[in-house]
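**Q** Have a look at this one before I ask anything.
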There are 2 protein chains.
Amino acid sequence: MNESFKALSDPTRRKIIRLLRDKNMTAGEIAEHFNMKKPSISHHLNSLKHAKLVLDERQGQHIVYSLNTTVVQEVFGWFLEMIDSKKEEDKDEK
Amino acid sequence: MNESFKALSDPTRRKIIRLLRDKNMTAGEIAEHFNMKKPSISHHLNSLKHAKLVLDERQGQHIVYSLNTTVVQEVFGWFLEMIDSKKEEDKDEK
DNA sequence: TTAGTATTTAGATAATTATCTAAATATAGA
DNA sequence: TCTATATTTAGATAATTATCTAAATACTAA
């Protein structure tokens, strides 16, 4: 999970996640949303891949990236723990 | 919100958040949970403070740190958006 | 005022990270 | 095989980050 937190620390990568939330995309399509050279996008995608936040699949000349919602949900769960259990404590006290 | 994501990218800082979830603590109390020199803890606390994830209050010789759940919830909301709206789309299609 | 304790700040250092350029690799079609 | 396109890898570089040591600051009590 540390890798996920690290990957999400960068705004470019968060935007990539947001893009892939809506639909799967090729590396080139993703790159079009940024004013950045493609190797840099590759580097970011590699980071997200390493954290398993995205999955990649080659389709001929293209590589299609998709969001791995399972891992996003894991990180989500961490926040839930930080917020939710605190609410439960409050309830118990009342 | 970028500051929050950055702050949370470090495991030491995430552990601090987890500690403060349970109860407010002084810098010294927090430091006891880590095998690290106090200036380093200070550095981490400063990062969390800068991101507004924690709040500090001097009480005599001590500085007490508390979790700022509002900001934690903001970040939580980001994940909700990544997960939740995707679920809604699925529902609409069914 | 001095001494003790809590905590931070400053500075150094090594490691990590984000972007670029150049080159390499993978796929497809002629 | 050559050419074109998509994408990644490699290397350089500047910026950022995490830990340490030394020093400074803040508060308390004698």
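**Q** Of B:GLN59, B:LEU20, B:PHE76, which is farthest on the positive side of the dipole of the stretch B:2-93, counting Cα position, with +1 on Lys and Arg Cβ, -1 on Asp and Glu Cβ, and the Cα centre as origin?
**A** Farthest along the dipole direction, towards plus: B:GLN59.
**Q** Please report Rg (one decimal) and Dmax (integer) in Å for the Cα set of the protein assembly as shown.
**A** Calculated on Cα positions, Rg and Dmax stand at 19.0, 67 Å.
**Q** Let me ask something additional. Using Cα springs under 10 Å in a Gaussian network model of chain B, which residue among B:ASP84, B:ASP56, B:ASP22 shows the largest mean-square fluctuation?
**A** It is B:ASP84.
**Q** By Cβ position, which chain A residue lies least far from the axis that rotates chain A onto chain B, and what is the distance to the nearest whole angstrom?
**A** Checking which Cβ lies nearest the axis yields A:SER9, 2.
**Q** Still on this structure, please answer the following. From the phi of every residue in the stretch B:23-38, what ³J(HN,Hα) in whole Hz does the Karplus formula 6.51 cos²θ - 1.76 cosθ + 1.60 yield, where θ is phi - 60° and glycine or proline is x?
**A** 6, 5, 8, 7, 4, x, 4, 4, 4, 4, 8, 10, 8, 8, 5, 4
**Q** Same structure, new question: Applying the Karplus parametrisation 6.51 cos²θ - 1.76 cosθ + 1.60 with θ = phi - 60° to the phi angles of the stretch A:69-80, what ³J(HN,Hα) value in whole Hz is obtained for each residue in order, glycine and proline being reported as x?
**A** With the stated coefficients, the stretch A:69-80 comes to 5, 4, 6, 4, 5, 4, 5, 3, x, 4, 5, 4 Hz.
**Q** Now a separate question. Relative to the Cα centre, what is the charge dipole magnitude of the stretch B:37-80, using +1 at the beta carbon of each Lys and Arg, -1 at the beta carbon of each Asp and Glu, and rounding to the nearest 20 debye?
**A** I would put it at about 220 debye.
**Q** Then there's this: Can you tell me what percent of all Cα-Cα pairs in the stretch A:2-93 are more than 23 Å apart?
**A** 31 percent
**Q** Between their Cα atoms, which of A:LYS52/B:LYS49; A:LYS37/B:LYS52; A:LYS6/B:LYS49; A:LYS23/B:LYS52; A:LYS49/B:LYS52 are more than 25 Å away from each other?
**A** Violating the 25 Å limit, Cα to Cα: A:LYS52/B:LYS49; A:LYS37/B:LYS52; A:LYS23/B:LYS52; A:LYS49/B:LYS52.
**Q** Pop the C-beta distance of B:LYS52 and B:LEU80 into the FRET formula with R0 = 25 Å and round what comes out to the nearest 0.05.
**A** 0.80
**Q** Relative to the other copies, what are the label-point distances for B:GLY77, with labels 7 Å from Cα along the C-beta vector, expressed in nm at one decimal and sorted shortest first?
**A** In nanometres, ordered from closest: 2.5.
**Q** Treating the point 7 Å from Cα along Cα-beta-carbon as the label, what are the nm separations from B:ARG21 to the other copies, to one decimal?
**A** 2.1
**Q** Give the long-range amide H neighbours of A:ASN68: residues separated by 5 or more places, or on another chain, with amide H under 5 Å away, using H modelled in the peptide plane at 1.01 Å from N.
**A** Close amide H contacts, sequence-distant or interchain: A:VAL54, A:LEU55.
**Q** Could you state the accessible area per residue of the protein assembly as shown in Å², with a 1.4 Å probe and every protein chain left in place?
**A** Result: 59 Å² per residue.
**Q** Just to confirm the numbers: B:ASP56, label point 7 angstrom along the Cα-Cβ line, distances to the other copies in nm, shortest first?
**A** When each copy's label point is compared with this one, the spacings are 4.2 nm.
**Q** Roughly how many whole Å is it from the C-alpha centroid of the stretch B:55-82 to that of the stretch B:1-27?
**A** When both Cα centres are located, 8 Å separates them.
**Q** Still on this structure, I have one more. Report, by chain and number, residues whose modeled amide H sits under 5 Å from the one on B:MET25, excluding near sequence neighbours (fewer than 5 apart, same chain).
**A** Correct list: B:TYR65.
**Q** While we're looking at this one, here's another question. Using just the helices of chain B, give the 222 nm mean residue ellipticity in deg cm²/dmol: DSSP H runs with n ≥ 4 each add -39,500 (n - 2.57), and the total is spread over all residues, rounded to 500.
**A** Helix contribution divided over all residues of chain B: -20000 deg cm²/dmol.
**Q** With a ≥ b ≥ c the root eigenvalues of the C-alpha gyration tensor of the stretch B:1-46, is it rounded (a/c under 1.5), prolate (a/b larger than b/c) or oblate?
**A** oblate
The values are calculated or read from the model by the stated rules, or taken from the named source; none is laboratory data. Remember, it's a predicted structure, so these values are computed and weren't measured experimentally. With ideal geometry, Cβ positions are generated from the backbone for all residues, glycine too; neighbour counts draw on all protein chains shown. Protein only, heavy atoms only, side chains kept; ligands, DNA and RNA dropped before computing areas. Shrake-Rupley method; radii C 1.70, N 1.55, O 1.52, S 1.80 Å.
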